[in-house]
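Working notes, structure below.
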Amino acid sequence: MPAACDSSLDDIEDMVSANDPKPNDRLSARQNIVPRARKRNQNKEQEEQPPSDSTIPGTQKIWIRTWGCSHNNSDGEYMAGQLAAYGYSITESPEQADLWLLNSCTVKSPAEDHFRNSIKKAQDDDKKIVLAGCVPQAQPRQEYMKGLSIIGVQQIDRVVEVVEETIKGHSVRLLGQKKDNGKRLGGARLDLPKIRKNPLIEIISINTGCLNACTYCKTKHARGELASYSIEELVDRAVQSFQEGVCEIWLTSEDTGAYGKDIGTDLPTLLWKLVEVIPEGAMLRLGMTNPPYILEHLEEMAKILNHPRVYAFLHIPVQSASDSVLMDMKREYCKADFKRVVDFLKERVPGITIATDIICGFPGETDEDFKETLKLVKEYRFPSLFINQFYPRPGTPAAKMVQVPALVKKQRTKEMSQLFHSYNPYDHKIGQTQQVLVTEESFDSQYFVAHNRFYEQVLVPKESAFMGKMVEVNIYEAGKHFMKGSPLLHSKLYTPSINTPLAKGKVSGLTEDFKEQLRNGSNSLPETSAGAENSLPKTSGQTGDKLKFLYFIIALFVAFFAFFMGKNILGYKSNILNM
């Protein structure tokens, strides 16, 4: 499998243009950064602020755009939190922003196209740009990224440094791997500041990378091999989240089922530890798991999914119901394995929601192969089905295979979509009474969005008192992707949060130790991991002092030379006048 990043690429590439400031004009680039909250004097509210185009780091507005999975969204939240804690203003307006931080997804070609178009738009609008996510990590030498700053998926704890340098006009790239005694570690620390997009929902990455080598997948080029966080770290993060008013936790990764295989533990062990710290009424949602790993823990997983504080929901991608296609994909399971997992869980966890993925038009897929997949969907009538037309991703084995004609792929995708929309999974639930947890607002802003025990979407009236609460409702209408519920009269609202949630946009994760470092004005954090050998271009310390001394000598020489030459010229002119 290709490495997570190009081995010929240094951790940092400092590309200095002719227009860049000279070394003696540059501020020191810190190797370790503590985001520092900028103290404001309450008696000087009218104090003049630096202009928005100031090159003083920490005074600019930053717009963050994230594509892709919940893991990517978690990374975006961590980067936003660190930048805000340092003093940058995180804005939802791309027009008003001084710098765009574009956090990319490499799963599908359309997502990368949007990413590339956003880069072009930022350049046209003369915005500073920092690239993040899986696309630049996997392919940092793409022509359209030339000269732009990049921060790798394992380096998001140093986003402040990269943004600082970019604001000052430099282009830097931070793409190294974190290791401890030669062993690859997970991503950034989990206790960093973050800004949750939804203050009620905490997204926790339990591991990075995966164990598979699927022939169509580009994500592993970026995220690499499996690297799990310790159970202690994950439980501590969950506890902190609940202390900040969170009432729902999402566990995410490239494959949650593979958790712990690299550190001598497993997913059920982690989940039993987590449910011990989940407050009554708060909920835990599991992320995607591939069939091979959940097969090992079916009994325990069924028990956990029946727990009252765990949603009876699981995302298990099948991709195809043809064993020959699955073999070409290198999925490491067959259709019978997938059916065994689904049948077992449906029997042991009554009402469970199984979500799955389908790829239409994988190279070599025949009409018979596709009919097998249609048959599987007809049999299980999955309430949540992610249908993907196959796109060959550059650098993957599948891109070199004989491709299915584009029109055939398009037709199969359409046929699968028509099948999915031919049934309504929730009609039989009309008239039921359900308890739901309200966490969001609908896209059209007409309703609040809640989820029932099976993580099915229930729309409820926009009553401010409902947000973040458990509400008992009567289901009176059902659509393809949702139900509508009417709150029962005299039903009591239940508050699962043990504390008031943070205000939207407020930085979370500012622990007492972290705040103490801010109060002391410390400029360094403890090393995020052993073996993380990354550094930004330095002009400080002894190197900076030597440069300053050199410039001082040069300046003295130039001044002396100018004085001497000026005196000689004046003498020469005087001689001419006296002739």
Determine the pairs where a residue that is open to solvent by 40 Å² or more (accessible area, probe 1.4 Å), located within region 279-303, has a partner that is polar (S, T, N, Q) with Cβ atoms under 7 Å apart, the partner being 6 or more residues away or on another chain.
M288/T256
For region 372-385, check the following and say yes or no: at least one residue is within 31 Å of the chain's Cα centre (by Cα) and among the small types (G, A, S).
yes
For residues that are among the basic types (K, R) and open to solvent by 80 Å² or more (accessible area, probe 1.4 Å), tally how many sit in region 381-416.
4
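If only one of E463, E477, E456 is under 23 Å from C247 (Cα atoms) and either touching an Asp or Glu at 6+ places or on another chain (Cβ under 6 Å) or open to solvent by 60 Å² or more (accessible area, probe 1.4 Å) (or both), which one is it?
The unique qualifying residue is E463.
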Residue selected from region 309-351 under the condition in a loop (DSSP other than H, G, I, E, B) and more than 24 Å from Y216 (Cβ to Cβ), by the criterion most open to solvent (accessible area, probe 1.4 Å):
P350
(1) of a type in the set (D, E, K, R); (2) open to solvent by less than 80 Å² (accessible area, probe 1.4 Å); (3) at pLDDT below 85 all hold for E77 apart from (3)
Would you check if there is a residue in region 359-375 being in contact with a Pro (Cβ under 7 Å, 6 or more places away or on another chain) and open to solvent by less than 30 Å² (accessible area, probe 1.4 Å)?
no
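Can you list the strands (runs of 3 or more DSSP E) found entirely within region 377-486 that contain at least 2 residues being farther than 27 Å from K339 by Cα and in contact (Cβ under 8 Å) with a residue 60 or more places away in the chain?
Numbers: elements: 384-389, 433-441, 448-451, 457-460, 470-478.
Correct list: 433-441.
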Out of all the residues in region 154-169, which are open to solvent by 10 Å² or more (accessible area, probe 1.4 Å) and in a loop (DSSP other than H, G, I, E, B)?
K168, G169
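The values are calculated or read from the model by the stated rules, or taken from the named source; none is laboratory data. Keep in mind that this is a model prediction, so the values were computed, not measured. Heads up, the Cβs are rebuilt from the backbone with ideal geometry, glycines too, and the neighbour counts pull from every protein chain shown. To get the accessible areas, we keep the full protein, side chains included, count just its heavy atoms, and leave off ligands, DNA and RNA. Shrake-Rupley method; radii C 1.70, N 1.55, O 1.52, S 1.80 Å.
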